[in-house]
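The values are calculated or read from the model by the stated rules, or taken from the named source; none is laboratory data. Treat the numbers as computed from the prediction; the structure is a model and nothing was measured. Cβ placement follows ideal geometry from the backbone for every residue including glycine, while neighbour counts extend to all protein chains displayed.
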């Protein structure tokens, strides 16, 4: 039977959620009582809501063996996941040892491969929509129920527990993204005036990386290899569960 985020929240004790978030954020014991009160009220509110169903599915990705060191609950549009995933991608055939042995040229080439459709941010989504996102039970069990639920709730409450304030933030982000989309359509010279590249940002904030080119290049290649490892983990996770979507 299809399950959604709300079903998982119902199964997960508030105490476990608070323990996870307190540990994640390093919240002091002095703040624990207030934290517990906030999340208890939040969960009670959420469980009283009617979920909005959509074409989205959440998957827990265990990145611990790749470049990232954390778990992540990622949101995908089901239609995109099914239609845009390159099931035969060479990403899925690589081992971590083979990634470590890649030449710089091959590293740059493979870094540009995206065999899985992009995941979607949901920090700004309506709470009624988030609790209606579909989940896959086997994936939740692999990831861990408490971390899965806690990561979602952490993002839902990242900007606080007041949904009216969240609506204001959501509107501001929407306006910003709209302006950025318009900027992307400008000619190159005009776009450079309004969109900061990494180099322009560094210059603006007076940050200069004066390390030798070879050192910076080694770091860049290492970062790219870690990113490839993350793509391998994500791809393998998606492929394990794609036929259940």
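Of note:
- Test: residue in the range 161-171 that is modelled with pLDDT under 85 and outside any helix (DSSP H, G or I): yes
- Any hit, the range 202-216, residues being surrounded by 11 or more Cβ atoms within 10 Å (Cβ to Cβ), part of a helix (DSSP H, G or I), out of contact with any helix residue (DSSP H, G or I) (no Cβ under 6 Å at 6 or more places or on another chain) and modelled with pLDDT of 70 or more: yes
- Of the listed requirements (1) closer than 21 Å to residue 133 by Cα; (2) buried (at least 16 other Cβ atoms within 10 Å of the Cβ); (3) under 18 Å from the mean Cα position of the chain (by Cα), residue 39 misses just one: (3).
- Matching residues in the range 1-18 - criterion: being surrounded by 11 or more Cβ atoms within 10 Å (Cβ to Cβ) and without any contact (Cβ under 8 Å) to a residue 60 or more places away in the chain: 10, 13, 14, 15, 18
- Consider the range 134-150 and keep the residues that are out of contact with any helix residue (DSSP H, G or I) (no Cβ under 7 Å at 6 or more places or on another chain) and not in a helix (DSSP H, G or I). The one that is surrounded by the most Cβ atoms within 10 Å (Cβ to Cβ) is 134.
- Among the residues making up the range 20-42, a single one is in contact (Cβ under 8 Å) with a residue 60 or more places away in the chain and over 16 Å from residue 158 (Cβ atoms): 41.
- Residue 81 being farther than 30 Å from residue 219 by Cβ and touching a strand residue (DSSP E or B) at 6+ places or on another chain (Cβ under 8 Å): yes
- Residue match in the range 88-104 (condition: at pLDDT 95 or above and closer than 21 Å to residue 137 by Cα): no
- Breaking point among (1) under 30 Å from residue 2 (Cα atoms); (2) part of a loop (DSSP other than H, G, I, E, B); (3) at pLDDT 85 or above, for residue 113: (1)
- Residue 53 being under 14 Å from the mean Cα position of the chain (by Cα) and surrounded by fewer than 14 Cβ atoms within 10 Å (Cβ to Cβ): no
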